[in-house]
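Here the structure comes first, spelled out in structure tokens, and everything after it is commentary.
The values are calculated or read from the model by the stated rules, or taken from the named source; none is laboratory data. Remember, predicted model here, so these are calculated numbers, not experimental data. Here the Cβ is made from the backbone with ideal geometry for all residues, glycine too, and neighbour counts use every protein chain on show.
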Amino acid sequence: MKPLALLAATACLALPLAAHAQHAISLHARTAGELADLCGANPREAGADAKINYCHGFTQGVVDVELMKAGDKKPFCWPSPPPTRDATLGAFVDWVRALPAHRSEGSVDGLMHFLGERYPCK
């Protein structure tokens with residue numbers, strides 16, 4: 001195959017991939033329920049990577065800011081050794097799903113409420 005024909009064939013094969021990659025997804029985590037839905041996304045569903053990545057980034061940002069603001073009066077304390085992020089977020093999803101009232105809490109308040117209950121400072 002001539003180089004130009006090979007280039008054209010490759011470009012045609014790449015078009016469906018490029019079109020798929022440009023599909024926008026809108027993510028929001030205004031409530032603990034919305035955050036739990038993102039964190040608990042089924043990895044086999046469309047957009048799951050984006051949802052889970054959003055969850056991880058959002059929750060890490062919340063934890064970092066809240067711990068920085070708290071100074072010596074921490075809202076929660078990690079055990080030693082600390083749990084994995086996946087385990088903690090899985091427990092958060094279960095916590096939200098177990099009590100529907102948790103769904104309507106603000107996302108930051110709900111996450112901090114969960115962490116304070118799950119990992120209290122002694």
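The residue list 91, 70 contains one member that is out of contact with any Asp or Glu (no Cβ under 9 Å at 6 or more places or on another chain), among the small types (Gly, Ala, Ser) and modelled with pLDDT under 95, which is 70.
Evaluated against (1) at pLDDT 95 or above; (2) outside any helix (DSSP H, G or I); (3) not polar (S, T, N, Q), residue 102 falls short on exactly one condition, (2). Contact annotation: residue pairs with Cβ atoms under 6 Å, 6 or more positions apart or on different chains, pairing a residue in the range 56-73 that is in contact (Cβ under 8 Å) with a residue 12 or more places away in the chain with a partner that is in a helix (DSSP H, G or I) and of a type in the set (Val, Ile, Thr), are 62/108.
Scanning the range 41-95 for residues that are of a type outside the set (Asp, Glu), loosely packed, with under 13 Cβ neighbours inside 10 Å and assigned to a loop (DSSP other than H, G, I, E, B) yields a total of 11. Count of the range 68-122 residues, restricted to those that are of a type in the set (A, V, I, L, M) and more than 18 Å from the chain's Cα centre (by Cα), is 5.
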